[in-house]
Every structure is written in structure tokens, then in C-alpha cells.
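Undergrad: Right, I'll just put the structure down here and ask away after.
The values are calculated or read from the model by the stated rules, or taken from the named source; none is laboratory data. Remember, it's a predicted structure, so these values are computed and weren't measured experimentally. FYI the Cβ positions are ideal-geometry reconstructions off the backbone, even for glycines, and counts take in every protein chain you see.
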Amino acid sequence: MKTPRHGSPAALCGACLLAFVLLVSGCGARQDVALARRVLVLLVEGRYSARHLIDWEKFTALQQPVGEQYSAFAGEGDRLNFQRSFIDTFRSGFKTEGGDIKNFVHWRVLEVVEEPLRVTRVAADIKDRPLMLILDIGHEKGKRRLVRIEAVKITDEEAFREYEKGARRAF
Amino acid sequence: MATLLILLMVIGLSFVLFTANIGNVSVQSTAIANAADAAALQLSSNLSTKSRQLFEGLGNTVKDCTETGFAAMGFAIIGAIALLVVSFGSAAPAIGGWFTTALGGSQMLAMTAVGAIGGAAGGAIGGEYAGTGAGRGALMGAGIGAAIGGMAAGITGAETGKFTEIALVGENASAMGAASISVPITAGLSQIVVGGLGVASTAYNEAERMRAIDDYINEIMKMLSKASEKDSMTQMTIMRAMSGVVDDPNMSPDVNDTNYNRDTTELVSDYQAWWWQRAKNIPKVDSNSIANALLGLDGLLAFIGGILGGGYGWAPDLLVSKEYMWPTDLSLPAAQLDILLPGKDPEGLLAHSFRALEGSGVDLSFWEPGPQYDVYTAAYAHVPSTACTGAACDVPPPPGYDRFDMAVASLHEAYIWVSALRQQSPSALAATWDHWINLVYDPAEDALDDPAYNPYTDPPSSIYGILTLVIYEMNSWMAEIDALYPTWPPCQMNAYGEFVTAPCRTTFSSWWQDASFDTVPDYEYSQVKSWLGTWGPMLLDFMRSVLKGMANYGYLGNEIRGGKNPATYEWNDARGRHRVRVKVGNFRIPNIVKREYGNWWKGKTCLELESYSDNWEFTNLGKDENYVEVSRYDQPSGQAAIGRWNPLNRSITKRAYYSYGLTWDDVHLRHRH
């Protein structure tokens, strides 16, 4: 009589570890989605607490080198003023244009990039428009902060959907 | 009895009509007051918005001081527009590069958010403040926030005009040859207009009323955005007020294509076309252009005055004869500028030379002796001083009146016109431009340069045309003398040092061609040729180009038709003639200034917000300039008294005073009268 075959303890442990890692990494991605959403809400509301959730030195937004502009100021006072007025006028600009945070829908992880910095790309569609907002959450030294905001106009929806599927499979 | 009844009915009807007209005046009065109020509130809102933005930019204070760190601030005196354009102008690969790698899409969709940028940052950041952390942060935040806000507004640009895709920059550079599936969006700016949205909304509503379309308004805003901030605010306020009062029903073909639909035959409101002209050119108008224009007129006066006998300038007394001359003393009353004076002896170069030639037996077609002073004066007295017709105009010229005299008289006429213009204040000149522009330059008279032009059958009607005529004359005079020159014998001198024959040519060398017109060896030919063949036409042509340039430059064209501020719009319709005038008080724009206190040892540098409210430390020095004044005058038509539109026959004026400050609560009307 043969002893029924069971997985080796090592394999079992490995499977458990893999499951754990996937679970943790999945949680992390979901947290990145929540974080991205939170930063955007804080910016739209003009809350200064958004300051701590942005990596100002690396920050780029809509292809504008915000970080470069920010880093040009060495003094703490100037840097603080930069952050505050950025947040103030971000809110003003957003509101003046009639923006509504509810029009950002279907929040999801678009991709995870490891190099040169581990970054989770969180995407949100714009309701009823072929536009998409992408917020990159960077992971560095145990901190997760917004490093980039991008917006894209989808010019070929079908092709883009295919692309996104591929990216998700890779993820 | 029946007659009495009819009389009573007429009286009753008169009363009804008169009352109805009084009612009309009352309605007009209300409309004017409302227009003044609305415009005042718009302006106070714009000023308040700017105050608030600067206030927030300073960290919610009106004075931000620091001991250190501000020294570096002065490095960049960067205008908001330049900074934004540069800052937002660059493109980068789409979505971090992988789309670019995979698909090669590299288009950049530039979007603009007019109101947000203009309101939130463009107007707020200026001068040294732009170089501070707060300034840079505000600029970046406003642009990015506005662009994202516009994306998430859930509405399209076509629906609101607020968020507009303005340009596709670059081509799809896909290596695969396939269409790109996405393009990155960046915050681009093409227009910065403080209070732009409010004005756009107002203008749009009014334009709808006036049957204009959105493109027209966009164009107006674009054009005004090129003006200075204060000019832009002022003109938008004027537009707001005026649009509420003007009810001009006249329409004309859209020859300027004010709405950019390529249809220049459609009918558009005259008022629309008028604003288009104003907005197009107001950015070009500044005090410098007025000063330059006046300099141009001064130069012309000096030149013409000099050659007519003023005894100064480039060619003193060039055209003076010993028989008569025209006065050129600007201190004389205008009426006395038109009274002939006795001539000078020695006379000017040209009359002297022509007289010498005629005395030597040469019959010049353009010159005869005379007219004598008294004969000319008597004949001139019969010339009608106003428009004439038929035989009344047919005053025969005095004996001796020739083309030379006609050129002199024409230049004198130009001199009187220019001196009359020059005596007006710059603002009066600006306000009445369309009444006198054709006196200076009439494009139709460009045709005078045509060699076939005959000044006798088609006399010039502008100063430009007169200069053209004199150039024409000078050239033809010189040509006639040049044609005679080879026929003259070589000069031979007698024992008394005089030439034996006159006129005669010199034979000193092959390169020195000269001639004497009389027996005195003073060689008039080279002097006359110098003036008639070179300097005279050249200087007159220069003056012509100055005049043409002034007219074409913008300031002196239709652009300030109605005046810059106050602005006046006039029109005629079945009710009579109407005039609407809007004046915006000399308000101050909120601004941030840098001030340094203390000394080298211990000091501080402060950024201070100024003029952030209408009563900020009495910046207006007790003079309340925060108002908008609107007045309307309806000139009665020629109907009977009971049917006249404006039975009171006077203008209605309303002035609204406004307040502004750091909060919306500060935006209100103070009082009106």
C-alpha cells in the first residue's frame, strides 16, 4: 500500500508564502488606489495635508516638472509657500473650471513598475469622456507618495482596452 | 362743437403720447442704472478676485516679511504670461514612455482653461512675486488644477467655451505607422484674462441678443487679452455697461469677418463690428503711441512751417516769394493763419531761381511772376470759406497764379489742418479720431502716386494727398528744368565777373554739372536740383510715410473709434440720433510690492499687498475713482414735439460706485448717483 502523496512541507510553505505575498501585494495595490484617490480629493479641496502625500522633489503633473520648479527653492519658507500656494490654486483652478471629483470613475491599478522606482500606476476614467487620469504612487524608503499625475486622451478605445488587458496580465 | 371735440381729442392724444415718452425715458433711465450697476459689480468682482488670490498667495496675509531668503527673489521679473507659456510649453512622452515605445504616439493635446488660469494665477502673479516659491507654486497649481478640473467638468468645450482644446501640437510619429491610441494631455495656456469667464458670459449673452456668435466673443476676448491688465479690465467693464444700453438696430455686411466664419456678406450688428474694431486695436494703443503720433504731427508742422516762411527747420523759406507769403506763427489765432502776408526779400531759393530763369528768357510752364500781394489778397477774399456749388465756386485765380502758387497754397492748407489738430488734447484727438482721420490720410489717395494722376482735375483732400501733390509738382518742375539744361550754352565770364549769357552751363569738369540761371555766377541749378530733385521730395515722402504709419499703426485708426476711456458709441435710427457714453473711473489694480526695511545689519524684506480694497489706506487720496458712469443721449428726430423720443432733450447719466476687498462680502455697490 502506497502512502498517499502529499506535498512536501517545503512546497506547502512555498505555496503559502506565495499566497501571502500575492495577498499582501494585492492589498498594497488596493491601498495605492485609495491613496491616489485621497491625494486627489485633498488637492481638490485645497487641504494642506496633501503636502505630506506628495513627493515634491520628484513630482510631475500633466508633464510639467513641478519638482524641478520646487527644487529650485532652497529655503524652507519658499518651499512651504510653494506647496501651499500650489494646493490653493489647484483647488481654485479645479473649481473654476467646474470640475467634479465624482466624474473620476473606475479607479484601478493600471500597472506596477519596478524601475527605477517602484511605482503603482493608478488610473481613473473620466465619466462619459475618452479621458483618463493616471496617478503614480511611488514607494521609497517605506513611504508611499504621489510622484506623478498624468492625463491621457484615448484615441483608440479598442486598442487601449487590449493594451490594458495585457498590462494587467503582466501585473 | 365738433371743432372743440377734435381739439380736446388732440390735446388728450398729445398728453398720452407725451406720457408714453416720459415712460420711455423712465425705462431708459432704469436700463442705464442697471447697466452701470452690473458693470461696476463686474469690475469690483474682478478686482476682489485678484485681491484674494494675491492675499492667498502671500499666505493669507497682506504683508509677508522675512529676515532672509528673499534676496534671491529679485532674480526673476517674469511676467505671468511668459512664465506660463514657457513653463507649460514642453512635451514629454506619453504615459511614462511605454506608450511611446510601444506605439510611438507623440502628439500633445494642449488645453486651455481660460478663467481658471487667468483668475487663479495669471493675473495674480506678476513682477518679483513670480520668482517666489508662492508665486511659482500658484502658477503650477492653477494650471494643473484647471486642466484637471476641466477634464472632470463633464462638459465639452463646445458646450461652454470654458474648456477648449486649442491645438494639436506635433504629428503622430509612430514607428509602426499605426494610429496612436492615446495622447498625453498637458496644461497649455493661450489666453490669460482676468475675470475672463464673467466677461465671456456677459458678452455671450449680449452677443446673442445682438445676433453675434461665440466665435466673435472668443475673438474679442483674445484680442483684449493682449492689452495691459488694466486696459483689459477697463474695456471689459465698458463692454459690459455699454451692451446693456446700446440698442442699435442697424446692421451691415460683416466685411471684417468678425465671427470668423469666412462669410463677409452676412449682416451683423454695427455695434458688433464696432467692438471688434476696438478690441482688435486697443492693445496697440498706449500713451506712447499717442505721443508718437503727436511727434509726427509736430515734425510735419516744423517742416511745412519752415519751407513756407517760418524761417526755421530744414529748408527755411524755400517756397517764399517776394510777392506774398503765408503766416506760420502758431501763436496766432486760427483765423489769422489764413490771412496772406506780404512777401520777403530776399525771397526763397525756388522763387528766386525761377524768377531768374524767367528773367533770362526761359518760359517755365509752372511759374509766372505774381500774384502781387494786394491782388492775391483781393482775389482770395472772394474764395468761398465753406462748401460751394456751381458758379459760386468758379472764382478766377488772380493774375500770376501758377502751379508753384497752388503747391504753396496747398501746403499752407495742410499746415492749418495740422496745427488745428495739434492744438487738441490727446484724449480729444483719440475720442474724435474717426472725424478727422481722413484729413490726415485717405487710403484712396494712394492712387495719387500714379503717374497719370492729374491734380487739377482731382485735387487732393487729405494732408497725405497734398504732400503727394507737392512731390509730384517738384518732380515735374525739376524734369522740366533738366530737359532745358542741355540746350543752354556754356558759361563765359566777362571782365566784370558776370556771365555773358544766361542761363548757361558750367564746363569745369565732366562730373560737375551746374548752371547759372542769371548772369550772376551763383549757380542756381545745383541748389534747385538739390531741393527739387532730392531733399524736397524725399522729406515730403518721409512725412507721408509718417502720416500713413500713424493711420495704419492702430492708435489712429478705427480702433479707438469712440475713445479708449471714456468710450462713446453713436448711431442713427428711426428714432433719431443716439449716443451712449461709458466712463470707468481710474481704479487701481491690486498688486504686490517688495519693500525693504531696516539697515544692512538688521533688516527685513516684505512682500506687501497694495490696493487690495477700495479704501486701502486711502490709496485714492480722497478721490473716489471706483465708479462706472453710463450716460445716454437720444437726440430728438425731426418729428413733432409730441412724437419725439426724448421729450426732455437731455442726457441721462448714472454713476455707480463699487466696493471691493479680500472677500466676496466686500463686493457690492456703495451708492449711485
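Undergrad: Here are B:286, B:248, B:263: which of them is of a type in the set (D, E, K, R) and modelled with pLDDT of 85 or more?
TA: On inspection, the qualifying residue turns out to be B:248.
Undergrad: Between A:115, A:162, which is more than 28 Å from residue A:67 (Cβ to Cβ) and over 14 Å from the mean Cα position of the chain (by Cα)?
TA: Result: A:162 is the single residue among A:115, A:162 that is more than 28 Å from residue A:67 (Cβ to Cβ) and over 14 Å from the mean Cα position of the chain (by Cα).
Undergrad: Which residues, taken from the stretch A:69-81, are at the interface with chain B (Cβ under 7 Å from one of its Cβ atoms), under 18 Å from residue B:64 (Cβ atoms) and modelled with pLDDT under 85?
TA: A:73, A:75, A:77, A:78, A:81
Undergrad: Here is a follow-up. Name the single residue, out of those in the stretch A:34-65 being in a loop (DSSP other than H, G, I, E, B) and more than 11 Å from every other protein chain (Cβ to nearest Cβ), that is surrounded by the most Cβ atoms within 10 Å (Cβ to Cβ).
TA: That would be A:58.
Undergrad: Also, I was wondering about something else. For residue A:140, state whether it is over 30 Å from residue B:52 (Cβ atoms), modelled with pLDDT of 85 or more and out of contact with any Pro (no Cβ under 7 Å at 6 or more places or on another chain).
TA: When the stated conditions are applied, residue A:140 passes them.
Undergrad: I would also like to ask the following. Any residue in the stretch A:103-111 that is polar (S, T, N, Q) and more than 19 Å from the chain's Cα centre (by Cα)?
TA: Taking every residue of the stretch A:103-111 in turn, none turns out to be polar (S, T, N, Q) and more than 19 Å from the chain's Cα centre (by Cα).
Undergrad: Does the stretch B:595-613 include one or more residues that are modelled with pLDDT of 75 or more and under 30 Å from residue B:277 (Cα atoms)?
TA: Checking the stretch B:595-613: not a single residue is modelled with pLDDT of 75 or more and under 30 Å from residue B:277 (Cα atoms).
Undergrad: Among the numbered criteria (1) closer than 30 Å to residue B:63 by Cα; (2) within 10 Å of another protein chain (Cβ to nearest Cβ), which one does residue A:103 miss?
TA: That leaves (1) as the condition not met.
Undergrad: Go through B:379, B:392 for me and flag whichever is surrounded by 15 or more Cβ atoms within 10 Å (Cβ to Cβ), hydrophobic (A, V, I, L, M, F, W, C) and not in a loop (DSSP other than H, G, I, E, B).
TA: Going through B:379, B:392 in turn, the sole match is B:379.
Undergrad: What are the residue pairs meeting all of these: first residue in the stretch B:481-498, first residue free of Cβ contacts under 8 Å to residues at least 12 places away in the same chain, second residue in a loop (DSSP other than H, G, I, E, B) and surrounded by 10 or more Cβ atoms within 10 Å (Cβ to Cβ), Cβ atoms under 9 Å, and 6 or more apart or on different chains?
TA: From residues that are free of Cβ contacts under 8 Å to residues at least 12 places away in the same chain, the pairs are B:494/B:500; B:494/B:519.
Undergrad: Sticking with this one: Mind checking which residues of the stretch A:137-151 are part of a strand (DSSP E or B) and more than 10 Å from chain B (Cβ to nearest Cβ)?
TA: The answer is A:137, A:138, A:139, A:140, A:143, A:144, A:145, A:146, A:147.
Undergrad: Name the single residue, out of those in the stretch B:564-582 being farther than 14 Å from residue B:239 by Cα and assigned to a loop (DSSP other than H, G, I, E, B), that is modelled with the highest pLDDT.
TA: If we take residues in the stretch B:564-582 being farther than 14 Å from residue B:239 by Cα and assigned to a loop (DSSP other than H, G, I, E, B), then B:574 is modelled with the highest pLDDT.
Undergrad: Check A:126, A:134, A:154, A:87 and return the single one that is facing chain B (nearest Cβ under 7 Å), without any contact (Cβ under 8 Å) to a residue 60 or more places away in the chain, under 20 Å from residue A:31 (Cβ atoms) and of a type outside the set (Ser, Thr, Tyr).
TA: Unique residue meeting the criteria: A:134.
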